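Engineer: The structure follows.
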Amino acid sequence: MLEAIANAVRLLATFDPELFRIIWLSLFVSGSAVVLAALCGVPLGTWLGLKPVPSVRAITIIIYTLMGLPPVVAGLVIYMLLSRRGMLGPLNLLFTVEAMIIVQTLLAIPIIVGLTAIAVRSKGREIRDTVLVLGADHRLLVWTLIREARYGILGAVITGFGRVIAEVGAVMMVGGNIEGHTRVLTTAIVLETRKGNFALAMALGIILLLLAFIINSGLYRLQAGGTDGT
Amino acid sequence: MEHKVIIEATGLSKCFGEREVLRAENITLCAGNIIGVMGPSGAGKSTLLRILSLLDPPTSGVLSFFGQPLPASPSERLVMRRRLTMVMQKPVLFDASVFDNIAFGLKARRLPAGEISRRVEESLEKIGLTAQRRQKAKTLSGGEAQRVALARAMVLEPEILFLDEPTANLDPANVELLEGLLRSLNRELGTTVVIVTHNLFQARRLAGDILFLCQGSLVEAGPTEEIFKRPLDLRTRAFVEGRMIY
């Protein structure tokens, strides 16, 4: 373990361009996926959270099921769509960064939708009533609900990011782990483990964990900043 | 003085599934009055208030406001909704400053910033919270929060103000302050005030007319003194004499 930590520090200290390219790509792919997933998931989750529970029971159960969607299944679906014979084959996206972003977006959306709906629903009725009696239109109602549930929604985004940054199966399938092109931290860890370079794999794991820690710390501070003292 | 009818409801009922929680054949509320809605727990008071404040639709019945039937189009309904407002028993304040909470409805109506500022400052003065204008509303005490909720409604200068047991959790000083504000709103702007209260003394102090509900039905309606001195229904009598547990 100590050797792995020393390795991780050495790797970072040498400013190995390939390592920093892998780190950058990991952040780019997962960051883009989470932003896209939030753009779709937050409005959808808000809509779901505003609806009476019985009217959206079936959708909610589907969303909750998809929150646990195995990455390899998502990878398989996207692989089939993007493969030469697939519906989106002509786009030539298989084994590209774009394909990796698509599959990670697909994994993050249900988490963000589901957790946003819960956050909105927990505040929903009383905020809805108050906003309506104060003469707000529908747009202001939705905006106020999102604003009031923002810390819960931020929690949904953090969870979505945690899910995709640590994910390996789907990006491996649709990205192909091509050196210098689609290799990210998780696929590099798998590769190094298969090659028997356990120390290097562990070092990459520590770097991944460190990245997740730094990003989540930042997001947590944002979240806590809003909830402390209220 | 002859008051014009501001709300009229005919054949009103509200059901949750098979269960009917409210039935009122005829409700007529006149403009400029303070109307107390009384009754034991589970009488349907809050349900009635939610229907009249356009938060929930009735299961059946016909409602008219200001002499007009309830419009079907959302934009026209919004215009009607903006003529009335409501204060809940438990104040729900937004995660914003006291000033921004009070300004919320004025901003929703897109009033000029200068007018919003002037009206909010006046309201802050009335509720005695000028010094707390920049304070986060969620850090206020229960009494202060209810004062902000009332100011947020009053600043809109509504034609009808509904209140659902607004003083239930307040100390006597805050109760007195809120009642004073309601009286002055009614007197100065002619706002019709509809207040649900459990408190017989408060109903007698404030209300000119009373609606008495029991077990989901409107039992009796009339001038406050008539209801207290000469109730027509035995249930009303039991309630005003304090023999009905609520």
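The values are calculated or read from the model by the stated rules, or taken from the named source; none is laboratory data. Owing to the predicted nature of the structure, the values given are computational and were not obtained by experimental measurement. When we count neighbours, we look across all protein chains shown, and the Cβ atoms used for this are built from the backbone with ideal geometry, even at glycine. When the accessible area is computed, the model is the full protein with side chains, heavy atoms only, and any ligands, DNA or RNA have been set aside. Shrake-Rupley method; radii C 1.70, N 1.55, O 1.52, S 1.80 Å.
Engineer: In segment B:69-97, which residues become less accessible by 10 Å² or more once every protein chain is in place, relative to the chain on its own, using a 1.4 Å probe?
Structural biologist: Correct list: B:Leu78, B:Arg81, B:Arg82, B:Thr85, B:Met86, B:Met88, B:Lys90, B:Val92, B:Phe94, B:Asp95.
Engineer: Treating the beta-carbon of each Lys and Arg as +1 and of each Asp and Glu as -1, no other charges, what is the dipole magnitude of segment A:2-229 about its Cα centre, to the nearest 20 debye?
Structural biologist: 500
Engineer: If you don't mind, another one. What is the distance, in nm, between label points placed 7 Å from the Cα along the Cα-to-Cβ direction at A:Arg21 and at B:Glu125?
Structural biologist: 7.0
Engineer: Which value at 222 nm does chain A reach when only helices count, each DSSP H run of 4 or more adding -39,500 (n - 2.57), with the total divided by all residues and rounded to the nearest 500 deg cm²/dmol?
Structural biologist: One gets -26500 deg cm²/dmol as the mean residue ellipticity at 222 nm.
Engineer: If you don't mind, there's one more thing I want to ask. Tell me the volume per residue, in Å³, of the convex hull enclosing the alpha carbons of segment A:1-135.
Structural biologist: Residue-normalised Cα hull volume stands at 200 Å³.
Engineer: Sticking with this structure for a sec: Accessible surface of B:Cys15 in the full protein assembly, 1.4 angstrom probe, to the nearest 10 Å²?
Structural biologist: 40
Engineer: Still on this structure, please answer the following. In nm, to one decimal, how far is the B:Lys107 label point from the A:Lys51 one, both placed 7 Å along Cα→Cβ?
Structural biologist: It works out to 3.0 nm between the two label points.
Engineer: I'd like the carbon and sulfur percentage of the solvent accessible area for chain A, probe radius 1.4 Å, heavy atoms only, ligands and nucleic acids excluded.
Structural biologist: Summing carbon and sulfur atoms, their accessible area is 71 percent of the total for chain A.
Engineer: Could you tally the net charge around B:Ser123, taking each other residue with its Cβ under 12 Å from the Cβ of B:Ser123, Lys/Arg +1 and Asp/Glu -1? Walk me through the numbers on the way to the answer.
Structural biologist: Values: positive: B:Arg118, B:Arg119, B:Lys126, B:Arg133, B:Arg147, B:Arg152; negative: B:Glu121, B:Glu122, B:Glu125, B:Glu157.
Here the count lands on +2.
Engineer: Past 29 Å, Cα to Cα: identify those pairs from B:Lys90/B:Lys229; A:Lys123/B:Lys14; B:Lys14/B:Lys138; B:Lys90/B:Lys126; B:Lys14/B:Lys136; A:Lys51/B:Lys4, in the order given.
Structural biologist: Beyond 29 Å: B:Lys90/B:Lys229; B:Lys14/B:Lys138; B:Lys14/B:Lys136; A:Lys51/B:Lys4.
Engineer: Remind me, relative contact order of chain B in percent, using alpha carbon pairs under 8 angstrom and six or more residues apart?
Structural biologist: Relative contact order, chain B: 28 percent.
Engineer: May I ask for the accessible area buried between chains A and B, both sides summed, probe 1.4 Å, to the nearest 100 Å²? Mind dumping the intermediate values first?
Structural biologist: Numbers: alone 12550 and 12120 Å², together 22650 Å².
Looking at A and B, the buried total is near 2000 Å².
Engineer: Report, in debye and to the nearest 20, how large the dipole of chain B comes out about its Cα centre when Lys and Arg carry +1 and Asp and Glu carry -1 on their Cβ.
Structural biologist: With only Lys, Arg, Asp and Glu charged at Cβ, the dipole is about 480 debye.
Engineer: Further question on the same structure: Starting from the Kirkwood radius over alpha-carbon pairs of segment A:2-229, derive D by Stokes-Einstein at 4 °C in a medium of 1.567 mPa s and give it in µm² s⁻¹.
Structural biologist: Estimated diffusion coefficient is 68 µm²/s.
Engineer: Mind pulling up the Rg/Rh value for segment A:32-84? Radius of gyration and Kirkwood radius, both on Cα.
Structural biologist: On the way: Rg = 13.8 Å, Rh = 13.0 Å.
In segment A:32-84, Rg relative to Rh is 1.07.
Engineer: Same structure, new question: Using helices alone, what [θ] at 222 nm do you get for chain B, with -39,500 (n - 2.57) per DSSP H run of 4 or more residues, divided over all residues and rounded to the nearest 500?
Structural biologist: Numbers: 9 runs with 93 residues, N = 246.
Theoretical 222 nm ellipticity from helices: -11000 deg cm²/dmol.
Engineer: Let me ask something additional. Once you have the Cα-Cα distance between A:Arg125 and A:Leu88, take 0.36 nm times their residue separation minus that, and quote the gain in nm to one decimal. Display every interim value, and only then the final one.
Structural biologist: Values: separation 37, 0.36 × 37 = 13.32 nm, distance 4.20 nm.
So the extension gain works out to 9.1 nm.
Engineer: Among B:Pro71, B:Gln135, A:Val77, which residue has its Cα furthest toward the positive end of the charge dipole of the protein assembly as shown, with +1 on Lys/Arg Cβ and -1 on Asp/Glu Cβ?
Structural biologist: A:Val77
Engineer: Hey, what's the Kirkwood Rh for segment B:28-127 if you take every pair of different alpha carbons, in angstrom?
Structural biologist: On the way: mean 1/r = 0.0616 Å⁻¹.
Result for segment B:28-127, one decimal place: 16.2 Å.
Engineer: Per residue of segment A:148-165, what does 6.51 cos²θ - 1.76 cosθ + 1.60 with θ = phi - 60° give for ³J(HN,Hα)? Whole Hz please, x for Gly and Pro, Karplus curve as stated.
Structural biologist: Per-residue couplings from phi come out as 5, 9, 4, 6, x, 5, 4, x, 5, 5, 4, 5, x, 5, x, 5, 7, 5 Hz.
Engineer: Leaving ligands and nucleic acids out of the surface, order B:Ser41, B:Ser64 by accessible area at 1.4 Å, largest first.
Structural biologist: Result, largest first: B:Ser41, B:Ser64.
Engineer: Between B:Gly36 and residues 5 or more places away or on another chain, which pairs have amide H atoms under 5 Å apart, with H built 1.01 Å from N, and which residues are they?
Structural biologist: The answer is B:Ile195, B:Gly208, B:Asp209, B:Ile210, B:Leu211.
Engineer: Taking 35 Å as R0, compute the FRET efficiency from the Cβ-Cβ separation of A:Tyr64 and B:Asp171 and round it to 0.05. Let's see the in-between values first.
Structural biologist: Details: r = 45 Å, r/R0 = 1.28.
That pair, A:Tyr64 with B:Asp171, gives E of 0.20.
Engineer: Below 8 Å, C-alpha to C-alpha, sequence gap of six or more: please give me the relative contact order for chain A in percent. Walk me through the numbers on the way to the answer.
Structural biologist: On the way: 284 pairs, mean separation 68.8, N = 230.
Once normalised by length, the contact order is 30 percent.
Engineer: Distances over 16 Å make up what percent of all Cα-Cα pairs in segment B:135-225?
Structural biologist: 57
Engineer: Let me ask something else. So what is the accessible area of chain B per residue, in Å², with the probe set to 1.4 Å?
Structural biologist: 45
Engineer: Suppose we look only past 37 Å in the calculated P(r) of the protein assembly as shown. What percent of the Cα-Cα pairs does that tail hold?
Structural biologist: Across the protein assembly as shown, Cα pairs with separations above 37 Å total 45 percent.
Engineer: Summing +1 for each Lys or Arg and -1 for each Asp or Glu, what net charge is found among the other residues whose Cβ lies under 12 Å from the Cβ of B:Thr197?
Structural biologist: Numbers: positive: B:Lys45, B:Arg204, B:Arg205; negative: B:Asp164, B:Glu165, B:Glu179.
After counting each charged neighbour, the total is 0.
Engineer: With N denoting the number of residues in chain B, provide Rg(C-alpha) divided by 2.2 N^0.38 Å, to two decimal places.
Structural biologist: 1.01
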